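Derivation of every value follows stated rules applied to the coordinates shown; laboratory data play no part. Just so we're clear, the structure is a prediction, and the values are computed from it rather than from any experiment. A quick note on method: Cβ atoms are made from the backbone with ideal geometry, for glycine too, and the neighbour counts reach across all protein chains shown.
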Amino acid sequence: MPGVIVEQRPTAKYYHELPYRPGVGMMIVDKDNRVFVGKRTDTKIAAWQMPQGGIDLGETPSIAALREMTEEIGSDKGYIIAESKHWYSYDVPKFLIPKLWNGNFRGQKQRWFLIRFTGTDEDININTQHPEFDEWRWAHLDELLSIIIPFKRKLYQAVFNEFKSIIIDNNRKEEVERNSLTTSSLGSIST
């Protein structure tokens, strides 16, 4: 039809030319260093992921991470321990591109944050205004990569490698602090 412009979705040969959506990811750990994972509402396979989301115009990545944490797990009880040194990216499978973000992005470029969750399980409410997860649980570090949605495993491995030593070091510091509090509460012993 003359004068009518039809918007065309990118075809497979153009997917590699699409940009990455800027976003953040959160490795939220509890007091036992287990990682929060959720099962997305839009998939039928038993694959889990850590919370993530986009960066709004004018937001810093750290502000976006804390906002997304509240939006996705229904709690703001936590603090940032570390920010990734790098931006990490992943491509979504080609069949998903037209279904996500109006087909405008091939995947996400994310800054990741290690967040210590300070609340209890009862503080988590995934039935948020726009729920992304229909189930959630705490995963042990050694099982994390085996339960993650397959196209994100390489990204998660890199994030895991960057944050693993920080989690272990942070856990040791907390243990030393607990032990020193216990020792100091004993008082001095005279002989």
(message) Taking 8 Å as the Cα distance limit and 6 or more residues as the minimum spacing, I'd like the relative contact order of the stretch 22-118 as a percentage.
(response) 38 percent
(request) Would you be so kind as to identify which of Thr128, Ser146, Ile97 lies farthest towards the positive end of the dipole of the stretch 70-148, taking Lys and Arg as +1 and Asp and Glu as -1 on Cβ and the Cα centre as origin? (result) Ile97
(request) Given a cut-off of 23 Å, name the pairs among Lys44/Lys99; Lys44/Lys109; Lys94/Lys154; Lys31/Lys109; Lys94/Lys164 whose C-alpha atoms lie farther apart than that in the structure shown. (result) Lys44/Lys109; Lys31/Lys109; Lys94/Lys164
(request) Decide, for the stretch 29-85, between rounded, prolate and oblate: order the square roots of the alpha carbon gyration tensor eigenvalues as a ≥ b ≥ c, take rounded if a/c falls under 1.5, and otherwise choose prolate if a/b is larger than b/c, else oblate. (result) oblate
(request) Can you spot the aspartates and glutamates whose alpha carbon is less than 14 Å from Lys77's alpha carbon? Ignore those fewer than 8 places along the same chain. (result) Asp30, Glu68, Asp121, Glu122, Asp123
(message) Test of understanding: ordering Ile168, Ile73, Ile45 by Cβ neighbours within 10 Å, fewest first, what list do you get?
(response) Ile45, Ile168, Ile73
(message) With 10 angstrom as the radius, rank Trp101, Trp48, Trp136 by how many other C-beta atoms surround their C-beta, starting from the fewest.
(response) Trp101, Trp136, Trp48
(request) Give me His16, His130 ranked fewest to most by other Cβ atoms within 10 Å of their Cβ, as a rough exposure proxy. (result) His130, His16
(request) Quote the relative contact order of the stretch 12-182 in percent (integer), defining contacts as alpha-carbon pairs under 8 Å separated by 6+ residues. (result) 31 percent
(message) Against the empirical 2.2 N^0.38 Å scaling, what ratio does the C-alpha Rg of the stretch 12-182 come to?
(response) 1.06
